[in-house]
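A short write-up of the structure that comes next.
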Amino acid sequence: MNKSYTAYVASDLYNAGYACDGRPFIADSFYVVVENEAGRRFRHAVTFNGTQQVFCEETGDVCFPDLREEASAKAERLAARVNAALASGKALAPTFWDEVDPVYGSDEYVAQGTEAKRVFAEKQAG
């Protein structure tokens, strides 16, 4: 990967655990993606979770503190470091990056046949 890539922060939702009433607690998870103009993308292996499951020792209750601001800030700092490395011509270590689906409708999306792969996978599933 080189200067033609740009790093940015993205987020997804995940199940952080279960509340005392048995319902799942859905939270934000932040991570860094690098993307080029053609739409090819790589996701960094490290994620920053917007909460953590905490048990109260006295009551045994579960709570989920809001850590989104801190998690997002950590991801932003990582994206800034990645952009600085890319701008200086450094290659990114492949051990930390996994290729993910290209941007929907981009040149890479078409070139990789992503739509056809998804249709095939849906037919196989069922």
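Read the figures in this text as sums done on the coordinates, not as results from a lab. Since we're looking at a predicted model, the values are computed, not measured. Cβ atoms come from the backbone with ideal geometry, glycine included; neighbour counts cover every protein chain shown.
Points to keep in mind about this one:
- Translational diffusion of the chain, estimated by Stokes-Einstein from the Kirkwood radius over alpha carbon pairs at 4 °C in a medium of 1.567 mPa s, is 77 µm² per second.
- In percent, rounded to a whole number, the relative contact order of region 5-125 is 25, using alpha-carbon pairs under 8 Å and six or more apart.
- Only the Cβ atoms of Lys and Arg (+1) and of Asp and Glu (-1) were treated as charged; on that basis the dipole of the chain about its Cα centre amounts to roughly 600 debye.
- Cα-based Rg of region 68-109 normalised by 2.2 N^0.38 Å, two decimals: 1.46
- Förster-model FRET efficiency, 35 Å R0, T95 and E70, C-beta, rounded to 0.05: 0.85
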